[in-house]
Each structure stands twice: as structure tokens, then as C-alpha cells.
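Trainee: Got a structure here, written out as C-alpha cells. Questions coming.
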Amino acid sequence: MSTNTATDTTAPTTPHTRALTLTAALLTASVALYIALVAFGNITDFGTNQAFVQHVLAMDTTFKDDDLMWRAITNKGLQNAAYIAIIVWETLAALVLVYGTWLWARRNYARARSISTYGLLMLLLLFGAGFIAIGGEWFSMWQSKTWNGLEAATRVIVFTGVALLVVQLTDRQTDSTA
């Protein structure tokens, strides 16, 4: 039976468990750094990815199939609102992951695991549901040779997914040694 609580600061006892915990902390920190830089870039170079979002939502570089074009959003206000929502979500995810990293460093393992999981899930939702499902399929981004972010989204999903798996593995390791 585990005695692990949200305030558990019990140090992992085996070299394997310590290494796994360090890996979870470093992966959380790496994803936090990555998404913080993405958000920073989107804020400081607003126009570059704004154009990306506008083209994807407008579907102006797709095959322009009449059966799909009704989905296009050409209203600049709605396009900009979607882009700002993406930046806000990225920024919040970065802050959550920075907090998770801080908790790993403070050896508050149960809380670090929980907070890191939330931050990583935020990114899986953004890049999986947002970019791959909605952008890729609903707005047919896959049809565009110029404005197709599916490969980049997949890289983020893999990076984030690996981090999430390692973070979740620490639960089993630290719980079994507590």
C-alpha cells in the first residue's frame, strides 16, 4: 500500500528510481523550455504564425473542394482570436510545466507528477486535438504544401508523450519504494 500523498517528499531510494525521477524532471524542464520559447516567439514575432493560422483557417491553400470549403473561417477577427487563444494556451502550459519542474527540484514528487501531467496534457490537447485533428482534418491542413504543420505537431506530440510516459512511470517507482 502506498503512503504517497500530494506533499510526499520521500526521496527515491534506488539508483534506478532516482534516475527515473531525474529523467522525469529533466524532460518536464525540456518541454517547459520548448513551449516557453514557442510562446515567446509567437508573442515577439506575432505576424509569422498569425499568417499560418489565418491560412489554415481560411483553407485558401487546400484543394478548395466545395464539399469542404464551407468549413473555412475567413473572418480576421475570429482568426486572430484563435491565434491569441493558442498563444495563451501555450503560455499557460509553459507556466504549469515550469511549476512542475520547480516541484521536481523541491523533491515534492507526487505534486510534481500531478502538475507535470496537467501541463503535458495541455500540450497533447493543443497539438493533438488542436493542430492534428482540427487543423489537419477539419480545416484540411494536410492538403496544403505551404501551410501544413502536421509534421511539427507530430514532433511535439512525440516529445510531450515520451515526457508524460516517464512522468507516469515515476508514480509506480516511487510508490513501490515508499
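Trainee: Which one, Ala112, Ala25, Ala85, has the greatest fluctuation when you compute a Gaussian network model over the chain with C-alpha springs under 10 angstrom?
Mentor: In this elastic network of the chain, the residue with the biggest mean-square fluctuation among Ala112, Ala25, Ala85 is Ala85.
Trainee: If you don't mind, there's one more thing I want to ask. Would you mind calculating the gained length between Leu150 and Thr61 on full extension (0.36 nm times residue separation, minus the Cα-Cα distance), in nm to one decimal?
Mentor: Fully extending the segment from Leu150 to Thr61 adds 30.6 nm.
Trainee: Please give the length that would be gained between Trp142 and Ile84 if that part of the chain were fully extended, namely 0.36 nm times their separation in residues minus their C-alpha to C-alpha distance (nm, one decimal).
Mentor: In short, 18.6 nm is gained.
Trainee: Could you order peptides 59-72, 88-101 by the average number of other Cβ atoms within 10 Å of their residues, highest first?
Mentor: Highest to lowest by the protection proxy: 88-101, 59-72.
Trainee: Given a 1.4 angstrom probe, what's the average accessible area per residue across the chain, in square angstrom?
Mentor: 54 Å²
Trainee: Relative to the Cα centre, what is the charge dipole magnitude of the chain, using +1 at the beta carbon of each Lys and Arg, -1 at the beta carbon of each Asp and Glu, and rounding to the nearest 20 debye?
Mentor: The dipole magnitude comes to about 580 debye.
Trainee: Please express the shape of the chain as an equivalent ellipsoid: the semi-axes are the square roots of 5 times the eigenvalues of the C-alpha gyration tensor, given largest first in whole angstrom.
Mentor: Result for the chain: semi-axes of 39, 15, 12 Å.
Trainee: Once label points are set 7 Å from the Cα along Cα→Cβ at both Tyr118 and Gln168, what is their separation, rounded to one decimal in nm?
Mentor: Once both label points are built, they end up 1.9 nm from each other.
Trainee: Subtracting the Cα-Cα distance from 0.36 nm times the residue separation, let me have the gained length for Thr23 to Arg107 in nm, one decimal.
Mentor: Residue separation times 0.36 nm, minus the Cα-Cα distance, leaves 28.9 nm.
Trainee: Of all alpha-carbon pairs in the range 8-63, indicate the percentage at a distance above 18 angstrom.
Mentor: 60 percent
Trainee: State the percentage of accessible surface on the range 89-162 attributable to carbon and sulfur atoms; use a 1.4 Å probe and exclude ligands, DNA and RNA.
Mentor: Roughly 69 percent, rounded to a whole number.
The values are calculated or read from the model by the stated rules, or taken from the named source; none is laboratory data. What you are looking at is a predicted structure, and each value in this text was computed from that prediction instead of being measured. Virtual Cβ from ideal backbone geometry, glycine too; neighbours counted across all protein chains shown. Keep in mind that these areas ignore ligands, DNA and RNA; they rest on the heavy atoms of the full protein, side chains included. Shrake-Rupley method; radii C 1.70, N 1.55, O 1.52, S 1.80 Å.
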